Amino acid sequence: MTIETILAKAEQLYTERQILDAIDEMAAEISQQLQDKQPICLSVMIGGLIPTGQLLPRLDFPLELDYIHATRYKKATTGGDLDWIKYPSINLENRTILVIDDILDEGLTLQAIVKYCLEAGAKEVFTAVLVEKELEQRAGLQKADFTGLIVPNRYVFGYGMDYQGQLRYVPGIYAVHGL
């Protein structure tokens, strides 16, 4: 099936307006908890790029930005072993870290990133995800500290989340038909 067909048959779960409203709410919650901590915000590549780019301009307090790239999917629709592509350049020792990602699915990648940050000497680590998938139980991190939206246990794409390396740019959140 072509990418165009996947997009045409997909079910829209959230509009861009709904996503931006959720990001506004996340920003308010994050500001309330972290405004005095001068956190390092770590965007999880590649999916965290768009949520981070929308969230950071809404945070009106001092922070630093870096990124981390760890993935289990490598353009597939199911996760495999964690592949560490890039670690942060900023020293995390004695710092508050805010990890920003697109989705909390099984939680294995986020759990590994939180563990890495703590092992690198972070004082505390918070997690923010645009989307949390409804699962009865996760294998890794159970819950993010800040969550924008909840989606059913379906394969979703858009606003940073991909389908086989495509459709991250779509201005909405969609569920793949039949998956």
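The values are calculated or read from the model by the stated rules, or taken from the named source; none is laboratory data. Bear in mind the structure is a predicted one, so any value in this text is a computation, not a measurement. Glycine also receives a Cβ, built like all others from the backbone with ideal geometry; neighbour counts cover every protein chain displayed.
Structural remarks
- Looking across 167, 110, one residue alone is of a type in the set (A, V, I, L, M) and within 20 Å of residue 92 (Cα to Cα). It is 110.
- Residues in the range 46-55 that are in contact with a strand residue (DSSP E or B) (Cβ under 7 Å, 6 or more places away or on another chain) and either surrounded by fewer than 16 Cβ atoms within 10 Å (Cβ to Cβ) or closer than 17 Å to residue 147 by Cβ (or both): 47, 48, 51, 52, 55.
- Number of positions in the range 1-12 that are surrounded by fewer than 17 Cβ atoms within 10 Å (Cβ to Cβ) and either at positive phi or not in a helix (DSSP H, G or I) (or both): 4
- Every residue from the range 13-45 that is part of a helix (DSSP H, G or I), surrounded by 17 or more Cβ atoms within 10 Å (Cβ to Cβ) and touching a residue at least 40 places away in the same chain (Cβ under 8 Å): 19, 22, 23, 26, 30, 34
- Among residues of the range 87-110, those that are within 12 Å of the chain's Cα centre (by Cα), outside any loop (DSSP other than H, G, I, E, B) and not charged (D, E, K, R), counted: 7
- Considering only residues in the range 122-152 that are of a type in the set (S, T, N, Q) and not in a strand (DSSP E or B), the one that is modelled with the highest pLDDT turns out to be 142.
- Test result for residue 172, modelled with pLDDT of 95 or more and more than 21 Å from residue 22 (Cα to Cα): no
- Scan the range 24-44 for residues that are over 10 Å from residue 60 (Cα atoms) and among the polar types (S, T, N, Q) and the total you get is 4.
- Enumeration of residues in the range 153-168 that are on the phi > 0 side of the Ramachandran plot and assigned to a loop (DSSP other than H, G, I, E, B): 159, 160, 164, 165, 167
- Residue that is nearest to residue 1 (Cα to Cα) [pool: residues in the range 147-179 that are more than 12 Å from the chain's Cα centre (by Cα) and among the β-branched types (Val, Ile, Thr)]: 176
- Per the conditions (1) within 15 Å of residue 20 (Cα to Cα); (2) surrounded by fewer than 20 Cβ atoms within 10 Å (Cβ to Cβ); (3) of a type outside the set (Asp, Glu), the sole criterion not satisfied by residue 142 is (1).
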